[in-house]
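In what follows, a single structure is set out as structure tokens and then discussed.
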2 protein chains.
Amino acid sequence: MKKIGIGLIGCGTVGSGLIRNLPKADALIGQRLGVQLEIKSIAVRDPAKSRDPLPTKPIQDWKKLIADPAVQIVVELVGGLDEAFQIAQATLHAKKPLVTANKALLAERGQELIPLAQKSGVPIYFEASVAGGIPVLKALREGLVANQLLGLHGIINGTSNYILSRMAEAGSDFATALQQAKDLGYAEADDRLDVDGIDAAHKAAILCFLAYGFLPKFSEIPIEGIRKIQSQDVGFASQLGYAIKLLAMIRPVGTDQIEVRVAPTLLPLRHPMASVHGAFNAVGLIGNLSGPVQFTGRGAGPDATSSALLADLAEAAKNLRDHSPGPALPKPSAKMKLIDRNASVGRFYVRIEVEDRPGVLAQVAGIFGTEKIGISSVLQPEGHGAGSVPLVFLLESASVASLSRAVDLISKLPNTRAPATILRVEDLT
Amino acid sequence: MKKIGIGLIGCGTVGSGLIRNLPKADALIGQRLGVQLEIKSIAVRDPAKSRDPLPTKPIQDWKKLIADPAVQIVVELVGGLDEAFQIAQATLHAKKPLVTANKALLAERGQELIPLAQKSGVPIYFEASVAGGIPVLKALREGLVANQLLGLHGIINGTSNYILSRMAEAGSDFATALQQAKDLGYAEADDRLDVDGIDAAHKAAILCFLAYGFLPKFSEIPIEGIRKIQSQDVGFASQLGYAIKLLAMIRPVGTDQIEVRVAPTLLPLRHPMASVHGAFNAVGLIGNLSGPVQFTGRGAGPDATSSALLADLAEAAKNLRDHSPGPALPKPSAKMKLIDRNASVGRFYVRIEVEDRPGVLAQVAGIFGTEKIGISSVLQPEGHGAGSVPLVFLLESASVASLSRAVDLISKLPNTRAPATILRVEDLT
């Protein structure tokens with residue numbers, strides 16, 4: 001049985017989970033693949049900090065860990081961007097395979113990291129960076145390798161999905177559901193990465209890179225979070241036959257453009273994506289041969305993340321034993337670019353607060369008509385006495401540009417009370 | 001770019017699909033993995049038969065194909081058992097990797113084939129044998145390699161799922177829904193493999209082997225099909241909050257027993273498995289680290305099967321190029337065995353036709369009580385005038401043995417009209 005030495009940099013929740021889960025997993029990996037993993041070195045920011053017993057005395061200097069000849073694979077679990085990038089760079093220079101769960105690193109510094117990895121000929125394994133316990137990157141790279149991908153979509157932030165599920169099931173408002181997510185440990189004290197869609201966009205960028213060989217410039221991805229969702233929107237969506245999910249969409253437009261976006265999106269209740277509840281994640285894709293495929297499971301937590309990290313470690317170890325090169329990163333496509341956000345075409349849900357006066361519906365509907373935007377459903381609940389009523393429209397397909405013009409005109413009507421709430425609608429057919 | 005020569009034995013629907021899909025897929029595989037696939041030889045039963053143009057003139061003798069030095073990987077697509085086994089055997093003897101979609105071969109002749117493969121050191125690739133377009137075997141072998149599996153379950157026969165979906169959605173009876181499945185090409189003229197659960201059991205045996213290193217003796221797997229399902233059962237299940245699906249269940253019992261079965265099963269409507277509609281397949285599993293994971297997609301059809309065959313061919317070609325041994329089959333476990341079918345414990349749905357007389361419900365409920373089987377719900381619709389009424393029970397957990405005793409006693413009651421319909425219930429929590 002070939003033993004492969006591992007070096008672990010960073011020992012927070014994810015690192016401790018990995019150390020705790022390794023012994024049992026290692027026995028299974030040994031039986032199944034004939035390789036064994038052994039932690040040879042651990043580097044942490046503060047080696048003096050008291051913690052559960054570690055398999056080896058921690059050191060502080062990760063450069064020593066990378067240089068240690070007993071360390072054959074480096075696992076980067078420090079998170080963040082700058083130090084993680086330096087660790088990745090040093091690992092590749094040392095010609096050692098890198099295993100990481102760091103989605104921000106790949107999504108935001110991939111433009112530098114990918115060429116480095118390709119030049120060094122050293123593989124990077126990052127299954128744990130997207131949808132933790134679901135082996136979706138391996139499916140994209142290998143199981144579906146013969147498919148041209150017609151599009152991908154996913155619920156890839158468990159915290160947001162937990163919050164939206166609570167809002168739908170318990171009728172909670174956003175603030176209450178967010179607090180529950182924090183109480184349960186699903187949301188961090190700093191909730192911005194999760195709730196504002198940034199974490200989902202990191203993962204969407206990685207999926208886009210694997211599926212299309214194109215890593216979008218991160219700052220150019222349109223990202224909307226779920227803070228603006230009111231419980232009345234969840235209720236109206238449900239009346240119309242839809243659930244609201246924070247959805248990442250990735251799809252080619254023509255031959256050299258790609259639409260990548262993260263936004264709260266109405267999905268038909270009947271679609272399997274709509275029954276992904278609580279902190280679960282799901283990734284759907286459409287292959288030209290496979291047809292639609294959906295993967296559902298836990299996207300986060302130390303155990304689900306361990307499942308992915310250990311699979312990567314097992315594969316990296318097996319490739320080292322077999323002197324195999326390991327998975328190659330796609331060659332970045334030079335001609336591919338993101339579509340202009342105003343050119344994005346799709347269906348929308350629009351809620352407007354108006355004064356409860358005769359003729360207002362006709363005015364608003366008239367503006368959509370002028371912009372040639374069809375209306376597929378309207379909801380106008382009975383006035384709640386405050387003089388203002390919500391008007392909800394489910395629209396036919398329109399470009400962001402024409403929708404924005406219409407909404408701009410509507411906001412200038414004398415009877416419009418508040419900025420419109422605009423959500424995406426995807427039928428995913 | 002390394003070119004790898006393929007030999008194709010059998011050129012029916014699946015083989016023709018593979019040939020049709022190869023050129024486009026090969027370009028993608030070349031970009032993504034740096035290998036190219038080239039069909040060097042095709043063997044068919046009747047080379048004179050008129051067919052679409054083939055990339056090479058077909059021959060009749062598959063032994064020549066296997067011996068052809070240009071053929072580096074053999075794809076067996078003849079189906080059936082005896083000839084397929086001979087082809088597999090000859091391929092392994094020739095030390096050439098085998099790619100197959102033949103679930104019957106692996107499930108029914110695996111006892112002979114697996115030791116042969118292990119002795120020869122040559123890999124067998126069989127992703128296409130289970131759930132076509134869903135790369136679930138790769139996920140089990142690699143993506144979830146670090147997990148101990150706490151159980152698997154799946155809807156792995158698309159024909160049965162189409163029929164049950166029609167029965168639920170359109171209220172059709174079994175015969176009408178079966179005829180529709182035949183008209184749409186989802187069911188073969190000989191419908192027994194699909195409708196009687198044999199095809200699903202073949203796939204369940206393969207999943208069991210990969211998950212637990214145990215290939216059950218095929219004739220010992222308890223298999224029930226869907227012919228006995230009446231539209232009233234679908235209706236009653238729905239009233240109780242359940243959908244009926246032909247479900248394969250695989251789960252360890254204690255340390256050295258496994259329960260493997262295929263049976264029509266009530267699943268809670270809220271569970272994601274219950275919203276797998278039409279000809280779609282789904283496989284769910286619970287890993288000790290990953291938690292519950294579900295894969296959903298197309299299980300059959302020439303394109304979905306091509307997706308899996310081409311992924312296997314790409315992997316086999318890459319392993320040949322890299323001189324990698326390829327995936328090893330699990331070492332069969334000597335101590336593992338199937339549980340006794342009477343020892344199987346679970347929840348059941350029981351429908352009994354009784355004469356519409358006072359006291360009958362009490363008698364039946366009394367018998368369940370005597371056998372210490374709890375009743376969680378009862379449905380007794382108003383009599384339809386014919387003097388006989390259905391009595392529907394949703395039971396708490398019981399062994400097959402005690403359920404059989406109870407049903408036997410019930411059938412001997414003077415007011416019982418017809419044999420009971422007994423279905424499994426799984427909450428999949």
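The values are calculated or read from the model by the stated rules, or taken from the named source; none is laboratory data. Because the structure is predicted, anything quoted here is derived from the model rather than measured. Counting neighbours? That spans all protein chains shown, and the Cβs are built from the backbone with ideal geometry, glycine included.
For B:Gln363, are the conditions met, namely being without any contact (Cβ under 8 Å) to a residue 60 or more places away in the chain, within 10 Å of another protein chain (Cβ to nearest Cβ) and not in a loop (DSSP other than H, G, I, E, B)? When the stated conditions are applied, B:Gln363 does not pass them.
Here segment B:284-336 is the region considered, the condition is being in a helix (DSSP H, G or I) and surrounded by fewer than 24 Cβ atoms within 10 Å (Cβ to Cβ), and the residue that is nearest to the other protein chains (Cβ to nearest Cβ) is B:Asp303. Screening segment B:27-47 for residues that are more than 14 Å from chain A (Cβ to nearest Cβ) and among the basic types (Lys, Arg) and picking the one that is surrounded by the most Cβ atoms within 10 Å (Cβ to Cβ) gives B:Lys40.
One line per residue, one yes/no per condition, for (1) more than 14 Å from chain B (Cβ to nearest Cβ); (2) β-branched (Val, Ile, Thr); (3) touching a Cys at 6+ places or on another chain (Cβ under 7 Å):
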{"residue": "A:Ile9", "(1), (2), (3)": "yes, yes, no"}
{"residue": "A:Ala25", "(1), (2), (3)": "no, no, no"}
{"residue": "A:Lys49", "(1), (2), (3)": "yes, no, no"}
{"residue": "A:Ile73", "(1), (2), (3)": "yes, yes, no"}
{"residue": "A:Ala101", "(1), (2), (3)": "no, no, no"}
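A:Leu266 meets the conditions (1) surrounded by fewer than 24 Cβ atoms within 10 Å (Cβ to Cβ); (2) among the aliphatic types (A, V, I, L, M); (3) more than 14 Å from chain B (Cβ to nearest Cβ); (4) over 14 Å from the mean Cα position of the chain (by Cα) in every case but one. The failed one is (1). Looking at A:Arg357, A:Arg341, A:Arg417, A:Arg347, just one residue is touching a residue at least 12 places away in the same chain (Cβ under 8 Å), basic (Lys, Arg) and in contact with a Leu (Cβ under 7 Å, 6 or more places away or on another chain), and that residue is A:Arg347. You will find that of A:Arg166, A:Arg109, the residue that is farther than 25 Å from B:Arg32 by Cα, in contact with a helix residue (DSSP H, G or I) (Cβ under 8 Å, 6 or more places away or on another chain), modelled with pLDDT of 95 or more and away from chain B (no Cβ under 14 Å) is A:Arg166 and no other. Going by the structure shown, is B:Ile373 at pLDDT 95 or above and in a loop (DSSP other than H, G, I, E, B)? Against the criterion (at pLDDT 95 or above and in a loop (DSSP other than H, G, I, E, B)), B:Ile373 qualifies. Counting only helices (runs of 4 or more DSSP H) that sit wholly inside segment B:173-271, those with at least 3 residues that are touching a strand residue (DSSP E or B) at 6+ places or on another chain (Cβ under 6 Å) are B:198-212, B:231-239. Selection of first residues in segment B:6-33 that are more than 15 Å from B:Ala304 (Cβ to Cβ) and of second residues that are buried (at least 20 other Cβ atoms within 10 Å of the Cβ) and among the aromatic types (Phe, Trp, Tyr), restricted to Cβ pairs under 9 Å at least 6 apart or on distinct chains, gives the following pairs, ordered by first then second residue: B:Gly7/B:Trp62; B:Ile9/B:Trp62; B:Gly10/B:Trp62. Just need a number here: residues in segment A:393-412 that are over 31 Å from the mean Cα position of the chain (by Cα) and either surrounded by fewer than 15 Cβ atoms within 10 Å (Cβ to Cβ) or of a type in the set (S, T, N, Q) (or both). Qualifying residue count, segment A:393-412: 2.
Of the listed requirements (1) more than 21 Å from the chain's Cα centre (by Cα); (2) within 14 Å of chain A (Cβ to nearest Cβ), B:Gly171 misses just one: (2). For the residues A:Ile73, A:Ile114, A:Ile87, the requirement of being in contact (Cβ under 8 Å) with a residue 40 or more places away in the chain, touching a Phe, Trp or Tyr at 6+ places or on another chain (Cβ under 9 Å) and more than 26 Å from A:Ile198 (Cβ to Cβ) singles out A:Ile73. Taking the condition touching a Phe, Trp or Tyr at 6+ places or on another chain (Cβ under 6 Å), surrounded by 23 or more Cβ atoms within 10 Å (Cβ to Cβ) and away from chain A (no Cβ under 12 Å), does B:Val136 pass? No. Among the residues of segment A:142-152, none qualifies, meaning not one is touching a residue at least 12 places away in the same chain (Cβ under 8 Å), at positive phi, surrounded by fewer than 22 Cβ atoms within 10 Å (Cβ to Cβ) and within 14 Å of another protein chain (Cβ to nearest Cβ). Residue-level check: of (1) buried (at least 24 other Cβ atoms within 10 Å of the Cβ); (2) more than 24 Å from B:Ala314 (Cα to Cα); (3) without any contact (Cβ under 8 Å) to a residue 24 or more places away in the chain; (4) not β-branched (Val, Ile, Thr), A:Asp82 misses just (1).
Residue check: A:Glu220 meets all listed conditions (1) surrounded by 21 or more Cβ atoms within 10 Å (Cβ to Cβ); (2) touching a Leu at 6+ places or on another chain (Cβ under 9 Å) but one, namely (1).
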